[in-house]
Each structure stands twice: as C-alpha cells, then as structure tokens.
Amino acid sequence: MDSITITGFIPVCVDYYSHRYYWGGTNLVNYHDLWRNRAEIFEDGHYLTERIAAEAGKFIGQHKADPFFMYVPFNGPHYPMHAPGEICEAVRRPRAGAPHVCGHDCGGG
C-alpha cells in the first residue's frame, strides 16, 4: 500500500463539537484530540460524525481509480450523546442513541 490516511481521535470519549477529551475527572486536563495522520487539526464547531464521513468521502474521491481498503469507525452512539438538531428533529420519539445512528446512516451514504 502506498499510503495510509488516518483521521480521528485517540481516546474514546471526545466531545462531538469541540473535539476535546473530557473523561477522567477533574484532576485530568481536558485536551484537544482531533488528528489527520500525525498532525493535529482544529475544526471546532463541526460535528465529528460529519467530519469523519467527509474525510472518508474525500479519500474515496482521491482513490476511486485504485483498489483500497477503508475502515470508518464512527464514535457514536457513545458518550457524550450529541447530535445536530436537524437529525434529532428527524427522529420521531428518539431513543438513546437513535440520532447518532441516523448520523452514521447519513455519513455512510
């Protein structure tokens, strides 16, 4: 394989909009945690599920002529339970995690 592209976060509990790690109590510093390969990227205010989906779509567009393997693990539906308002409104009687699953469906096409 000529190249590997990695976009995401390192721990498992990252805020969906600030991309900061908050878990672990008050004695731990909350820190920014969003990366593209080895470079930290700042896209505060962008919903994490949509960012991951956009990165996957960008990779597909750049490599559509060549065979590739892609693994796209979305963070949701895990804590913290965040989802854009338009997704929450589209889900009738939302159950815990339902808006996140809809976000995955939109991201996966």
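The values are calculated or read from the model by the stated rules, or taken from the named source; none is laboratory data. For clarity, every value in this text was computed on a predicted model and none was experimentally measured. Virtual Cβ from ideal backbone geometry, glycine too; neighbours counted across all protein chains shown.
Quick notes on this one:
- Residue match in segment 80-100 (condition: surrounded by 10 or more Cβ atoms within 10 Å (Cβ to Cβ), at pLDDT 75 or above, in a loop (DSSP other than H, G, I, E, B) and of a type in the set (A, V, I, L, M, F, W, C)): no
- Of all residues in segment 1-45 being aromatic (Phe, Trp, Tyr) and part of a loop (DSSP other than H, G, I, E, B), the one that is modelled with the lowest pLDDT: Trp23
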